[in-house]
Amino acid sequence: MREKKAEPDSRTRNEDAERVIPVVEEELVIDKEKVTTGSVEIRKLIEERMQNVEVDVLEDVVDIRHVPVGVAIGVWPPVREDGDTLIIPVVEEEVVVTKRLVLKEEIHITRRRTSATKAQQVGVAREVVEVRRHDVGKQGGE
């Protein structure tokens, strides 16, 4: 706060002295200061809900039939249409086997007997008897 003083004017010096009353004036000086007074938490939630909606939908229904044919053909047939029906030929190659007898070769076997003398080592067994006598005095023994 500042005070302003009134300066004495010339009348205060007179004999009948007047009283001087100071006039005071207050001045405000304002300062701002940031102060945290709290905090805020913000969450974003996504909520889903189901809603019935009518939508026009096109649908093709397909009928598939396997039609056996079993015919031998000379060329590969093309895909063709018969009205609203698409016909796709399914072709399979078959191996045709012919069975026949073919003489490939002959094996000739001739038997001959020969005689030859060859030296061989052969193990031969024999029994050998050995007799020992032990004399015990002259009284007899074996």
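The values are calculated or read from the model by the stated rules, or taken from the named source; none is laboratory data. Quick caveat, the model's predicted, so the values are computed rather than measured.
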Quick check: anything in the range 44-66 on the phi > 0 side of the Ramachandran plot and either at pLDDT below 85 or part of a loop (DSSP other than H, G, I, E, B) (or both)? no
Looking at the range 83-92, is at least one residue at pLDDT below 90, part of a loop (DSSP other than H, G, I, E, B) and charged (D, E, K, R)? yes
